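This report refers to the structure that appears directly beneath it.
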Amino acid sequence: MQIKLPYIPFMNYSRQGLWFSTVLTIAAVLLIIFRGFNFGLEFTGGATIEMQYAQAADIGHVRSVVEKIVPDAGVVQYGSSRDVQIRFAEQEGANIDQTMSDMVSALQADAPDAKLTGQSKVGGQYKEELVSKGLLAIGLACIGMIIYLGLRFEWKFALGAVLAQLHDVIITAGVFSLMGWTFDLNVLAALLAILGYSVNDTVVVYDRIRENFRKLPAVTPKDVIDTSINQTLARTMVTSFTTLLSVIALALFGGTILAGFSIAMIIGIIFGTYSSIFVASAIVYRMGVKHEDLMPRAQKPIDDLP
């Protein structure tokens, strides 16, 4: 069944869309600078302990045992109902190895059948390295997109696409800063996934814009861009909706460990769909793209003289 949507002159609102996105991006940047993030253990340093019980674990009771040693420790169920994961940050003035040992001893004293299935610790000194490598990964991804889109389309399209991707990533990160949600490696992975998802949606729209610029030489650039967006709108909405359903299911049933990843993806998908129209396409339109920019280059005749 083909979905038919009313024709919408999106570029009539391109200026308002760009201003709205600019204000949101600036607000997100200010939040990140002045409020910062609630970093997870991978950034702040801490430990993870995994226990397995003979029967279904009582999370509330396990939490009461754990909090006697580390009051703000996190206790979650993962895998089967018998598996429990305890996470806690480094305690000032305390030895983390001793704290881990005390916690395992307390849990096994409370439930002798509990088995230690895994434990790990992360030193806080890795925070700067993780942050720098995360920013480097995002930067390299943007450079790669500029090169690819510049070769495939035209430099105005490359600039519009990269600004749209940065817009999506910065706003998603800004929401995490505003809400105080835990920012861990799962969220960082989600930001990189948002880059890929958003550029995919943008390239679909750009492909149709390029195709229509060549097929409709007598039509104004504004109408060509509007026509292209409307032609791909149904596909964009269906793709975004089905992807959202999967990520929402992950958020609802994936447990605490995957909550940050799922929430970041939900925010990224929503803004990625929006930005492909009101950021990427709007920037191309406002930069004055013309038919000549996308016409195939005439090949020079080959001189076959010796």
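The values are calculated or read from the model by the stated rules, or taken from the named source; none is laboratory data. Everything numeric in this text was worked out from a predicted model, so none of it was measured. Every residue, glycine as well, gets a Cβ built from its backbone with ideal geometry; the counts of neighbours run over all protein chains shown. Each accessible area value is taken on the protein alone, full model and side chains, heavy atoms only, with ligands, DNA and RNA left out. Shrake-Rupley method; radii C 1.70, N 1.55, O 1.52, S 1.80 Å.
Odds and ends about this structure:
- Residue within segment 139-152 that is more than 17 Å from residue 21 (Cβ to Cβ), of a type in the set (Ser, Thr, Tyr) and exposed (fewer than 14 other Cβ atoms within 10 Å of the Cβ) present: no
- The lone exception for residue 166 - which of (1) of a type in the set (A, V, I, L, M); (2) over 25 Å from the mean Cα position of the chain (by Cα); (3) part of a helix (DSSP H, G or I) it fails: (2)
- Residue identified as more than 19 Å from the chain's Cα centre (by Cα), at pLDDT below 90, part of a helix (DSSP H, G or I) and not hydroxyl-bearing (Ser, Thr, Tyr) among 293, 226: 293
- Within segment 196-212, being modelled with pLDDT under 85 and either among the aliphatic types (A, V, I, L, M) or touching a Leu at 6+ places or on another chain (Cβ under 6 Å) (or both) holds for one residue alone: 199.
- Of all residues in segment 102-123, those that are charged (D, E, K, R) and in contact with a helix residue (DSSP H, G or I) (Cβ under 6 Å, 6 or more places away or on another chain) total 2.
- Residue in segment 139-153 that is assigned to a helix (DSSP H, G or I), more than 30 Å from residue 288 (Cα to Cα) and without any contact (Cβ under 8 Å) to a residue 40 or more places away in the chain present: no
- Under the condition of being aliphatic (A, V, I, L, M) and surrounded by 20 or more Cβ atoms within 10 Å (Cβ to Cβ), the residues counted in segment 234-266 number 4.
- Segment 78-101: number of residues that are in contact with a helix residue (DSSP H, G or I) (Cβ under 6 Å, 6 or more places away or on another chain) and closer than 18 Å to residue 113 by Cα: 2
- Qualifying residue in segment 197-206 (condition: over 18 Å from the mean Cα position of the chain (by Cα) and not hydroxyl-bearing (Ser, Thr, Tyr)): yes
So that you can scan it fast, the table gives a plain yes or no per residue for (1) open to solvent by 30 Å² or more (accessible area, probe 1.4 Å); (2) touching a residue at least 12 places away in the same chain (Cβ under 8 Å):
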residue: 158; (1), (2): no, yes
residue: 165; (1), (2): no, yes
residue: 170; (1), (2): yes, yes
residue: 175; (1), (2): yes, yes
residue: 179; (1), (2): yes, no
residue: 184; (1), (2): no, yes
residue: 189; (1), (2): yes, yes
residue: 195; (1), (2): no, yes
residue: 198; (1), (2): no, yes
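- For residue 81: the one exception among (1) modelled with pLDDT under 85; (2) under 30 Å from residue 191 (Cβ atoms); (3) under 30 Å from the mean Cα position of the chain (by Cα): (2)
- Among the residues here, residue 177 qualifies as among the small types (Gly, Ala, Ser) and in contact with a Phe, Trp or Tyr (Cβ under 7 Å, 6 or more places away or on another chain).
- Of 67, 50, all but one fail to be free of Cβ contacts under 8 Å to residues at least 12 places away in the same chain and within 35 Å of the chain's Cα centre (by Cα); the exception is 67.
- Of all residues in segment 68-86, those being over 16 Å from residue 50 (Cβ atoms) and charged (D, E, K, R) number 2.
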